[in-house]
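Remarks on the structure that follows.
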Amino acid sequence: MNLIIQNGRVLDPQSGRDEAADLLIEGDRIREVAPSGGMKLRDAEVIDVKGAWVTPGLIDLHVHLREPGQEYKEDVASGSRAATAGGFTSIVAMPNTDPVIDNGELVQFVIDRGKRAGLCRVLCCGAVSVGQKSERLAPFGEMKRAGAVAVTDDGRPVTNPVMMRRALEYSQDFDLPVLSHAEDAQLSGHGQMHEGVISTQLGLQGVPGVAEDVAVARDILLAEHTGGRLHIQHVSTARSVDLVRDAKARGVRVTAEATPHHFSLTHEAVMGYHTSTKVNPPLREGKDRAAVIAGLSDGTIDAIATDHAPHSSIEKDVAFADAMNGMIGLQTALPLALNLWRAGMPLLKVIALMTTGPARVLGLSTPAIREGALADLAIFDPAATWQLDDESNYSKSKNSPFWGRPLEGRVRATIVGGKVVYQYDRKPVWSVQH
Ligand code: DOR
């Protein structure tokens, strides 16, 4: 059955289109885009989305799905459900699972799980080093052949600079970007939160901003030296933003991402010792948050990525010092990103940071709303308020500092390859082939 999506405000960063339009979807493709009311009626299911905005499906290049090994926190299917409820049509799984995804077979396993879930497109990264131990390089070619889109030891840094150098050299043979969790683990030490006035007040050990800056500088210099493709994950400090900006100006092949929590919150959020605010890199200072937002605005930072990091109550309902790092983010990313627009960032720019931006980082085909394009779409009501709670949450975990707080902007439907995979006011359709 063909599908017509009627009366939405269509926002397409690739073409700059921002107008009321109707879309005809045939099979997995957009067949026609016409100004609202201008489309000939035909045999199709019609979804009237008046008042809603229609954008290319969101892409999240940084998601922890915890499968294999920690399915009590999340699995590929539950993570896919949370993703589609958040407007994401493609997500990229991180390899810090148990066992670590450091071979072709495990890359294939995660991709197969994604297909079996049949909701969004589940892409996968392979590890940089075997077991993420920074001792031996993982088999990049084998992982690429199995479908890996990038390599990363995310969750921990590549501690050995020689290993990072080799990764940036070797990855060029396979055209794989190296995603860097940029952190000097020795400078971080046993820090629990950002090192500053709040950590002193709370009596918690701090992680200094320079622990990130040093690692970003190292990796940029290694990318410059090798010509490799480097992507800095979860940029959180003002100095890192400057380092990436300067490197781009010199022509270094570097891209960067920032998370909704780093552009929305500061270390003040940790007062109260809520473990949902414990994340790595930690929530920083107001000046860092402002610099991250400036980096998102001026193109220094290419993409918004959630770093969706589910943990169960076993890891989070404990003393702050014992809690694991991470927060879930798939369902809160869009409302938090819309706050950037509410604060003055052009709307198409915000949408680009969640669609064309991440696609470019990974070298995926450019998401677009035009005739012939793949029908991966997010449809949301920018003004609807809601909260993440037991009823709305699709993740297996609840570790979010935004839990129970009012959020503005709600996904109404998500379409992947022409199929409605999430619809908020109807029972979701779980079985879709693509
Ligand atoms: O807060 C985080 N959680 N940061 C990371 O780098 C890893 C992630 C996780 O896997 O839980």
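The values are calculated or read from the model by the stated rules, or taken from the named source; none is laboratory data. Keep in mind that what you see is a predicted model, and the values were worked out from it rather than measured. Please note: Cβ atoms are built from the backbone with ideal geometry, for glycine as well, and neighbour counts cover all protein chains shown. Surface accessibility is based on the protein's heavy atoms, side chains included, excluding ligands, DNA and RNA. Shrake-Rupley method; radii C 1.70, N 1.55, O 1.52, S 1.80 Å.
What are the residues in segment 97-121 that are more than 15 Å from the ligand (Cβ to nearest atom) and not in a helix (DSSP H, G or I), if any?
Asp102, Asn103, Gly118, Leu119, Cys120, Arg121, listed by residue number.
Among the residues of segment 55-69 satisfying the criterion of being more than 18 Å from Ser395 (Cβ to Cβ) and touching a Ser or Thr at 6+ places or on another chain (Cβ under 6 Å), which is farthest from the ligand (Cβ to nearest atom)?
Pro56
Does Ala167 count as part of a loop (DSSP other than H, G, I, E, B), of a type in the set (A, V, I, L, M, F, W, C) and either within 24 Å of the chain's Cα centre (by Cα) or more than 16 Å from the ligand (Cβ to nearest atom) (or both)?
Numbers: part of a loop (DSSP other than H, G, I, E, B): no; of a type in the set (A, V, I, L, M, F, W, C): yes; either within 24 Å of the chain's Cα centre (by Cα) or more than 16 Å from the ligand (Cβ to nearest atom) (or both): yes.
When the stated conditions are applied, Ala167 does not pass them.
Of all the residues that make up segment 180-208, how many are touching a strand residue (DSSP E or B) at 6+ places or on another chain (Cβ under 7 Å) and under 23 Å from Gly286 (Cβ atoms)?
11
Give the residue, chosen from Thr277, Thr255, Thr266, Thr226, that is closer than 19 Å to Leu330 by Cβ and either away from the ligand (no atom under 16 Å from the Cβ) or of a type outside the set (A, V, I, L, M) (or both). Talk me through it step by step, then tell me what you get.
Values: Thr255 fails: closer than 19 Å to Leu330 by Cβ; Thr266 fails: closer than 19 Å to Leu330 by Cβ; Thr226 fails: closer than 19 Å to Leu330 by Cβ.
Only one candidate passes the filter, namely Thr277.
Among the residues of segment 357-372, which ones are open to solvent by 10 Å² or more (accessible area, probe 1.4 Å) and outside any helix (DSSP H, G or I)?
First, pick out the residues of segment 357-372 that are open to solvent by 10 Å² or more (accessible area, probe 1.4 Å): 360, 362-367, 370-372.
Answer for segment 357-372, where residues must be open to solvent by 10 Å² or more (accessible area, probe 1.4 Å) and outside any helix (DSSP H, G or I): Gly363, Leu364, Ser365, Thr366, Pro367, Arg370, Glu371, Gly372.
What number goes with the only condition from (1) closer than 22 Å to Leu388 by Cα; (2) open to solvent by less than 10 Å² (accessible area, probe 1.4 Å); (3) in contact (Cβ under 8 Å) with a residue 60 or more places away in the chain; (4) in contact with a Gly (Cβ under 7 Å, 6 or more places away or on another chain) that Thr84 does not pass?
Single failed check for Thr84: (4).
Here is a yes/no grid of residues against (1) closer than 23 Å to His311 by Cα; (2) without any contact (Cβ under 8 Å) to a residue 60 or more places away in the chain:
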position	(1), (2)
Leu338	no, no
Met345	no, yes
Arg360	no, no
Gly363	no, no
Ala373	no, no
Asp376	no, no
Thr385	no, yes
Ser392	yes, no
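All but one of (1) more than 16 Å from the ligand (Cβ to nearest atom); (2) open to solvent by 50 Å² or more (accessible area, probe 1.4 Å); (3) outside any helix (DSSP H, G or I) hold for Leu176; state the number of the condition that does not hold.
Every condition holds for Leu176 apart from (2).
Within segment 5-23, which residues are of a type outside the set (Ser, Thr, Tyr) and open to solvent by 10 Å² or more (accessible area, probe 1.4 Å)?
Gln6, Asn7, Arg9, Pro13, Gln14, Gly16, Arg17, Asp18, Glu19, Ala20
Identify, by number, the condition in (1) buried (at least 24 other Cβ atoms within 10 Å of the Cβ); (2) more than 14 Å from the ligand (Cβ to nearest atom) that Arg218 doesn't meet.
Answer for Arg218: the failing condition is (1).
On the basis of being open to solvent by less than 10 Å² (accessible area, probe 1.4 Å), in contact (Cβ under 8 Å) with a residue 60 or more places away in the chain, out of contact with any helix residue (DSSP H, G or I) (no Cβ under 9 Å at 6 or more places or on another chain) and within 16 Å of the ligand (Cβ to nearest atom), does Ala52 make the cut? I'd like the intermediate steps shown before the answer.
Numbers: open to solvent by less than 10 Å² (accessible area, probe 1.4 Å): yes; in contact (Cβ under 8 Å) with a residue 60 or more places away in the chain: yes; out of contact with any helix residue (DSSP H, G or I) (no Cβ under 9 Å at 6 or more places or on another chain): yes; within 16 Å of the ligand (Cβ to nearest atom): no.
So Ala52 does not fit the description; no.
Give me the residue from segment 327-356 that is over 13 Å from Leu11 (Cβ atoms) and part of a loop (DSSP other than H, G, I, E, B) and, out of that set, most open to solvent (accessible area, probe 1.4 Å). Working first, answer last.
Let us first name the residues in segment 327-356 that are over 13 Å from Leu11 (Cβ atoms), namely 327-333, 335-336, 339-340, 342-345.
When the remaining residues are screened for being part of a loop (DSSP other than H, G, I, E, B), the result is 328-332, 343-345.
Numbers: Ile328: 9, Gly329: 8, Leu330: 2, Gln331: 19, Thr332: 5, Ala343: 92, Gly344: 60, Met345: 14 Å².
Per the stated criteria, the residue is Ala343.
From (1) open to solvent by less than 70 Å² (accessible area, probe 1.4 Å); (2) away from the ligand (no atom under 16 Å from the Cβ); (3) in a helix (DSSP H, G or I); (4) not β-branched (Val, Ile, Thr), pick out the condition that doesn't hold for Gln201.
(1)
Using the structure shown, decide if Val151 is hydrophobic (A, V, I, L, M, F, W, C), open to solvent by 10 Å² or more (accessible area, probe 1.4 Å) and touching a strand residue (DSSP E or B) at 6+ places or on another chain (Cβ under 8 Å).
Working: hydrophobic (A, V, I, L, M, F, W, C): yes; open to solvent by 10 Å² or more (accessible area, probe 1.4 Å): no; touching a strand residue (DSSP E or B) at 6+ places or on another chain (Cβ under 8 Å): yes.
Here the answer is no, as Val151 does not meet what is asked.
Mind listing just one residue for me: the one in segment 244-260 that is small (Gly, Ala, Ser) and within 17 Å of the chain's Cα centre (by Cα) and, of those, nearest to Leu336 (Cα to Cα)? Show your work before the answer.
Kept after step one, since they are small (Gly, Ala, Ser), are these residues of segment 244-260: 247, 249, 251, 256, 258.
Going one step further and asking which of them are within 17 Å of the chain's Cα centre (by Cα), we end up with 256, 258.
Numbers: Ala256: 19, Ala258: 12 Å.
Only one residue tops the list, namely Ala258.
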